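K.L.:
Sharing a structure with you now.
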Protein chains: 2
Amino acid sequence: MKSLEEKILADGLGLGTEIVKVDSFLNHQIDVAFIRELGAEFARLFADEGVTKVLTMESSGIAIAFATAAALGDLPLVFAKKSATNTMEPDFYAAPVRSFTHGVTSTARVARKFISPADRVLIIDDFLAHGEAALGLAAIVEQAGAALVGFGVVIEKRFQGGGARLVERGWRLESLAVVQKIVNGQIFFAS
Amino acid sequence: MKSLEEKILADGLGLGTEIVKVDSFLNHQIDVAFIRELGAEFARLFADEGVTKVLTMESSGIAIAFATAAALGDLPLVFAKKSATNTMEPDFYAAPVRSFTHGVTSTARVARKFISPADRVLIIDDFLAHGEAALGLAAIVEQAGAALVGFGVVIEKRFQGGGARLVERGWRLESLAVVQKIVNGQIFFAS
């Protein structure tokens, strides 16, 4: 998505060889109108898949997943939780998830009542790095016996291999921007 | 807001004397169209305040804050982070925040570059209980030297005293539903 690549270059920042910093519009401050455009693009890409539910991981996936669910006709959105709360359903699906940006492993949980075998689930996230969050969410969809329609990610860092891990499982992956490499902070997109 | 009270009674659940469980539409599964209605209501209430930025706390504030920022004319939205990441700005405002639902104290952080003294900030959150998150976010706005326009919360649990703590500081508070008490799981709204 050309406008996204331009936005990443204009407002984002490459750090070292691994980090794409887009906290000014995607995952700390949020450019609401732009995120809605990205959501509309996911809705266009997955329009024919009969999606019934959008699933994401807290926290930084929520805004883009909300925009996507809205653009798909106000589908229900579920976000997996990474820490237990005193209001959490005791009956949940769970999968271990290692976070690249937080450097910790946590347990992603989704209450069972929110995904059923009849669902066709679209997983949306802001980043795809090593694919840990994506695989954790996919495991939850499989536990539920629901159909996994595919993954929509805003920025795929292809050099970290998460995309390949999803595609080799046969899943559909749509990345709105694919970063091929980062050299001395300069971001190169896959052509 | 009548439709919200009805939704809480229809889809929510009172637990014991302290918990309002609304994970089916507000803070785990999200009813996108309904959340957008709530956002429109906040936008109406704060329409004359010259808001320049919406601030919330990750994670469960993000969806309603996104809807509010959109309804206010696509204002920028910032969500405070409760854990440090390797992409976090080193230069941030910080405030300690105790979570009622998680039972832990964490540090809320907002990168300095995202709130300026020229900003008029509206704080949005899903719940107001003891007011810890709200006071933490207010402290961040004050550190930035920005104007705090007020607080918009979806559900205020008045018996936990957070609302009084905000109002006695002179801040404007708009709660879309006010729970007066919960008795044996039955929810009573303030009239």
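The values are calculated or read from the model by the stated rules, or taken from the named source; none is laboratory data. Keep in mind it's a predicted model, so treat the numbers as computed, not measured. Because the Cβ atoms are built from the backbone with ideal geometry, glycine has one as well, and the counts that use them run over all protein chains shown.
K.L.:
From B:10, B:67, which residue is of a type outside the set (Asp, Glu) and surrounded by fewer than 19 Cβ atoms within 10 Å (Cβ to Cβ)?
P.N.:
Result: B:10 is the single residue among B:10, B:67 that is of a type outside the set (Asp, Glu) and surrounded by fewer than 19 Cβ atoms within 10 Å (Cβ to Cβ).
K.L.:
In the range A:36-68, what residues are touching a strand residue (DSSP E or B) at 6+ places or on another chain (Cβ under 8 Å) and of a type in the set (Lys, Arg)?
P.N.:
The one that is touching a strand residue (DSSP E or B) at 6+ places or on another chain (Cβ under 8 Å) and of a type in the set (Lys, Arg): A:53.
K.L.:
A further question follows. Condition first: part of a strand (DSSP E or B) and more than 9 Å from chain A (Cβ to nearest Cβ). Now tell me which residues in the range B:18-57 satisfy that.
P.N.:
Those that are part of a strand (DSSP E or B) and more than 9 Å from chain A (Cβ to nearest Cβ): B:55, B:56, B:57.
K.L.:
Of the residues that sit in the range A:153-180 and are more than 20 Å from residue A:20 (Cα to Cα) and hydrophobic (A, V, I, L, M, F, W, C), which one is surrounded by the most Cβ atoms within 10 Å (Cβ to Cβ)?
P.N.:
Top of the filtered list is A:166.
K.L.:
Considering only residues that are of a type in the set (Asp, Glu) and more than 16 Å from residue B:162 (Cβ to Cβ), which ones fall in the range B:92-141?
P.N.:
B:119
K.L.:
Hey, among A:110, A:183, A:141, which residue is touching a residue at least 12 places away in the same chain (Cβ under 8 Å), within 25 Å of residue A:70 (Cβ to Cβ), among the β-branched types (Val, Ile, Thr) and out of contact with any helix residue (DSSP H, G or I) (no Cβ under 8 Å at 6 or more places or on another chain)?
P.N.:
Only one candidate qualifies: A:141.
K.L.:
I want to confirm something. Restricting to the range B:74-96 and keeping residues that are more than 9 Å from every other protein chain (Cβ to nearest Cβ) and free of Cβ contacts under 8 Å to residues at least 40 places away in the same chain, which single residue is nearest to residue B:32 (Cα to Cα)?
P.N.:
Filtering first and then ranking leaves B:92.
K.L.:
Can you name the condition, by its number, that residue A:90 falls short on among (1) closer than 20 Å to residue A:43 by Cα; (2) not in a strand (DSSP E or B)?
P.N.:
(1)
K.L.:
Let me ask something else. Confirm whether residue A:152 is closer than 22 Å to residue A:11 by Cα, away from every other protein chain (no Cβ under 12 Å) and touching a residue at least 12 places away in the same chain (Cβ under 8 Å).
P.N.:
yes
K.L.:
Quick check: anything in the range B:100-122 crowded, with 20+ Cβ neighbours inside 10 Å, within 22 Å of residue B:175 (Cα to Cα) and of a type in the set (Val, Ile, Thr)?
P.N.:
The answer is yes, given that some residue of the range B:100-122 is crowded, with 20+ Cβ neighbours inside 10 Å, within 22 Å of residue B:175 (Cα to Cα) and of a type in the set (Val, Ile, Thr).
K.L.:
Related question: Within the group B:91, B:48, which residue is over 13 Å from residue B:125 (Cβ atoms), acidic (Asp, Glu) and modelled with pLDDT under 95?
P.N.:
B:91
K.L.:
Can you give me the number of residues within the range A:1-16 that are within 13 Å of another protein chain (Cβ to nearest Cβ) and either outside any strand (DSSP E or B) or aromatic (Phe, Trp, Tyr) (or both)?
P.N.:
The total comes to 3.
K.L.:
Say whether the condition of being of a type in the set (Phe, Trp, Tyr), outside any loop (DSSP other than H, G, I, E, B) and without any contact (Cβ under 8 Å) to a residue 60 or more places away in the chain is met by at least one residue in the range A:124-132.
P.N.:
No, the range A:124-132 contains no residue that is of a type in the set (Phe, Trp, Tyr), outside any loop (DSSP other than H, G, I, E, B) and without any contact (Cβ under 8 Å) to a residue 60 or more places away in the chain.
K.L.:
If we keep just the residues of the range B:98-112 that are of a type outside the set (Ser, Thr, Tyr) and assigned to a loop (DSSP other than H, G, I, E, B), which is modelled with the lowest pLDDT?
P.N.:
B:100
K.L.:
While we're on this one: Check the range B:61-69 and report whether any residue there is of a type outside the set (Gly, Ala, Ser), within 10 Å of another protein chain (Cβ to nearest Cβ), part of a loop (DSSP other than H, G, I, E, B) and closer than 15 Å to residue B:155 by Cα.
P.N.:
Within the range B:61-69, none of the residues are of a type outside the set (Gly, Ala, Ser), within 10 Å of another protein chain (Cβ to nearest Cβ), part of a loop (DSSP other than H, G, I, E, B) and closer than 15 Å to residue B:155 by Cα.
K.L.:
Collect the residues in the range B:140-160 that are assigned to a helix (DSSP H, G or I) and either under 15 Å from residue B:79 (Cβ atoms) or among the hydrophobic types (A, V, I, L, M, F, W, C) (or both), keeping them in residue-number order.
P.N.:
Result: B:140, B:141, B:159.
K.L.:
Restricting to the range B:70-86, and then to whatever is assigned to a loop (DSSP other than H, G, I, E, B) and at pLDDT 95 or above, can you tell me which residue is surrounded by the fewest Cβ atoms within 10 Å (Cβ to Cβ)?
P.N.:
Top of the filtered list is B:73.
K.L.:
So is residue A:95 outside any loop (DSSP other than H, G, I, E, B), within 16 Å of the chain's Cα centre (by Cα) and surrounded by fewer than 22 Cβ atoms within 10 Å (Cβ to Cβ) or not?
P.N.:
Taking the combined requirement at face value, the residue satisfies it.
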